[in-house]
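Questions regarding the structure given below will be posed in turn.
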Amino acid sequence: EAEVAQSPRYKITEKSQAVAFWCDPISGHATLYWYRQILGQGPELLVQFQDESVVDDSQLPKDRFSAERLKGVDSTLKIQPAELGDSAMYLCASSLVPGTFNEQFFGPGTRLTVL
Amino acid sequence: GIQVEQSPPDLILQEGANSTLRCNFSDSVNNLQWFHQNPWGQLINLFYIPSGTKQNGRLSATTVATERYSLLYISSSQTTDSGVYFCAVTSGGSYIPTFGRGTSLIVHP
């Protein structure tokens with residue numbers, strides 16, 4: 001069964017360092033999402049891609065976060081510099097149908113701890 | 001923006017019991033999805049259900065869009081049902097999904 005892949009699964013870093021997360025969506029899925037989930041809360045959308053274009057990044061803290069999906073397939077989310085408040089689970093999801101909130105499939109997530 | 005409230009926030013069951021989880025939303029929705037987040041953090045699709053009723057094994061869901069709520073039913077609960085259940089919606093012309101805070105379920109053997 002096709003799955004969304006994410007790496008690394010866990011990341012520990014010190015504040016002010018740079019971190020990067022990778023996501024490979026289900027093959028053929030045009031839409032890719034990055035979410036941040038703080039402990040005890042629901043996921044919050046950071047950025048949404050359709051193919052290689054950003055559809056929405058209104059919730060992305062652009063002073064330190066960046067995301068790209070250069071060839072419209074896999075994607076990288078970067079934080080530079082990391083802050084203590086960035087400790088969270090970072091989730092990637094993909095969906096087949098572009099342009100709408102359709103059925104999403106999530107990867108296993110990257111759990112980030114900033115010391 | 002739209003508000004999504006889930007209840008109860010916490011639920012403890014004995015194996016074999018039935019339960020109903022509720023998701024209320026403050027505005028009309030275009031889409032609604034239920035997820036189960038297992039203890040390892042993986043979010044698993046349960047239902048994509050903007051309206052109507054669906055069933056999958058021991059789980060079923062009903063969304064009454066006109067009354068702005070959705071219900072998730074779990075029958076004959078098992079320990080593997082433990083985790084956090086989230087509903088997520090989109091509303092109006094927005095494609096940005098809003099998640100509730102979830103219902104944390106613990107099923108004891």
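Hey, can you tell me all the residues within segment B:63-109 that are over 18 Å from B:VAL4 (Cα atoms) and within 14 Å of chain A (Cβ to nearest Cβ)?
B:GLY83
Something else about it: In segment B:60-86, which residues are surrounded by 16 or more Cβ atoms within 10 Å (Cβ to Cβ) and modelled with pLDDT under 95?
Keep residues of segment B:60-86 that are surrounded by 16 or more Cβ atoms within 10 Å (Cβ to Cβ), which gives B:60-63, B:65, B:68-72, B:74, B:77, B:81-86.
Passing the criteria: only B:ALA65.
Just one of the numbered conditions (1) within 22 Å of B:SER94 (Cα to Cα); (2) buried (at least 16 other Cβ atoms within 10 Å of the Cβ); (3) at pLDDT below 95 is not true of A:GLY99; which one?
Result: A:GLY99 passes all but (2).
Only one of B:THR66, B:THR53, B:THR80 is of a type in the set (Ser, Thr, Tyr), over 29 Å from B:GLN14 (Cβ atoms) and outside any loop (DSSP other than H, G, I, E, B). Can you tell me which? Don't jump to the end; show me each part of the working.
Numbers: B:THR53 fails: over 29 Å from B:GLN14 (Cβ atoms); B:THR80 fails: over 29 Å from B:GLN14 (Cβ atoms).
Of the residues listed, the single one that is of a type in the set (Ser, Thr, Tyr), over 29 Å from B:GLN14 (Cβ atoms) and outside any loop (DSSP other than H, G, I, E, B) is B:THR66.
Would you call B:PRO8 within 14 Å of chain A (Cβ to nearest Cβ) and not charged (D, E, K, R)?
Criteria not met by B:PRO8.
Still on this model: Of the residues in segment A:20-47, how many are open to solvent by less than 10 Å² (accessible area, probe 1.4 Å) and free of Cβ contacts under 8 Å to residues at least 24 places away in the same chain?
Total meeting the criteria: 1.
Here is a further query. For segment B:21-45, how many residues meet the condition of being surrounded by 14 or more Cβ atoms within 10 Å (Cβ to Cβ) and not in a loop (DSSP other than H, G, I, E, B)?
Of the residues in segment B:21-45, 14 are surrounded by 14 or more Cβ atoms within 10 Å (Cβ to Cβ) and not in a loop (DSSP other than H, G, I, E, B).
Here's another thing I want to ask about it. Would you check which residues across segment B:31-62 are without any contact (Cβ under 8 Å) to a residue 40 or more places away in the chain and within 18 Å of B:GLN6 (Cα to Cα) and list them? Break it down stepwise before answering.
As a first pass, look at segment B:31-62 and keep what is without any contact (Cβ under 8 Å) to a residue 40 or more places away in the chain: B:40-42, B:44-62.
Within segment B:31-62, B:ILE44, B:ASN45, B:LEU46, B:PHE47, B:TYR48, B:ILE49, B:PRO50, B:SER51, B:LEU59, B:SER60, B:ALA61, B:THR62 meet the criteria.
Would you check if A:LYS11 is open to solvent by 10 Å² or more (accessible area, probe 1.4 Å) and not in a strand (DSSP E or B)? Even if it seems obvious, please write down each step before you answer.
Details: open to solvent by 10 Å² or more (accessible area, probe 1.4 Å): yes; not in a strand (DSSP E or B): no.
Against the criterion (open to solvent by 10 Å² or more (accessible area, probe 1.4 Å) and not in a strand (DSSP E or B)), A:LYS11 does not qualify.
Out of all the residues in segment B:92-109, which are polar (S, T, N, Q) and surrounded by fewer than 21 Cβ atoms within 10 Å (Cβ to Cβ)?
Across segment B:92-109, the qualifying residues are B:SER94, B:SER104.
Having 3 or more residues that are more than 10 Å from chain B (Cβ to nearest Cβ) and under 13 Å from the mean Cα position of the chain (by Cα) is the bar; report the strands (runs of 3 or more DSSP E) wholly within segment A:30-115 that clear it.
Answer list for segment A:30-115: A:31-37, A:44-50, A:65-68, A:75-79, A:88-95.
The values are calculated or read from the model by the stated rules, or taken from the named source; none is laboratory data. It should be emphasised that the depicted structure is a prediction, and the values quoted were computed from it without experimental measurement. Note that each Cβ is placed from the backbone with ideal geometry, even for glycine, and that neighbours are counted across all protein chains shown. Ligands, DNA and RNA are stripped out before the accessible areas are found, and what is left, the full protein with its side chains, is counted by its heavy atoms. Shrake-Rupley method; radii C 1.70, N 1.55, O 1.52, S 1.80 Å.
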